Amino acid sequence: MCGSSALAGTPDEIRVPGEIPGIALHAEGAQIYECLPDAAKQLVWQPREPAAILMDGSKSVGRHYAALHWETVDSTTLVWEHKDGSSVKAGIVARTAGRTADDLPWLKFKVIAQTGNGLFYGVTHVQRINTQGGLARGPCDQAGSYRSAPYSADYVFWRAE
């Protein structure tokens, strides 16, 4: 179970009222960006996908990545997969800034699909909190180029009461 200390200071924007926190897992990995034009046709680093290992203490227990949709990365739908065979797929429903300008935002995800009867069975929401790093810096000069930025975060998996 997730201790209340892991949730202390969680902003209202990403709270999950009426549900109970299950497990919290730490993630270490990279946020991958692609250089693409924005609405103003300026090249900017845009998030493509995370690639992270889920940790329970010092043990690797799973992975976190973006879902595929018709062989294309779907950056709006992310997957958490546990070594017990359970997984959840979720989409972002709320966000708030990280602690510093160099940290990824804290997010709330709503689960849209799950598989397996393991640790992630019954999970309805996921929070990304306590982010460190993960933002792309530097020029984005060539469309289609990639950059990765190391990050760490805690993911809290919520269930309905």
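Below 8 Å between Cα atoms, with a sequence gap of 6+, how large is the relative contact order for the chain in percent?
Contact order relative to length: 27 percent.
Going through region 54-141, which chymotrypsin sites (Phe, Trp or Tyr not before Pro) have at most 13 other Cβ atoms within 10 Å and a DSSP loop state?
Hits after loop and neighbour filter: Trp70.
How long is the gain from Arg95 to Asp56 if the chain were fully straight, where each residue apart is worth 0.36 nm and the alpha carbon distance is subtracted?
Result for the pair: 11.6 nm of gain on full extension.
Identify all lysines with a Cα-Cα distance to Lys59 below 18 Å; exclude those on the same chain that are fewer than 8 residues away in sequence.
Lys83
What lysines could a cross-link reach from Lys108, if we take a straight Cα to Cα line under 18 Å and drop same-chain neighbours fewer than 8 places away?
Partners within reach: Lys89.
Heads up, I need the accessible area for Arg137: 1.4 angstrom probe, whole protein in place, Å², nearest 10.
Answer for Arg137: close to 120 Å² accessible.
Cys140 accessible area, nearest 10 Å², 1.4 Å probe?
20 Å²
Return the inverse of the average 1/r over all pairs of distinct C-alpha atoms in the chain, which is the Kirkwood hydrodynamic radius, in Å to one decimal.
That comes to 16.2 Å for the chain.
Only Cα pairs under 8 Å and at least 6 apart count here; give the relative contact order of region 19-74 as a rounded whole percent.
29 percent
The values are calculated or read from the model by the stated rules, or taken from the named source; none is laboratory data. Just so it is clear, the structure is predicted and the values come from calculations on it, not from any experiment. A quick note on method: Cβ atoms are made from the backbone with ideal geometry, for glycine too, and the neighbour counts reach across all protein chains shown. Just the protein is used for accessible areas: all its heavy atoms, side chains included, with ligands, DNA and RNA removed. Shrake-Rupley method; radii C 1.70, N 1.55, O 1.52, S 1.80 Å.
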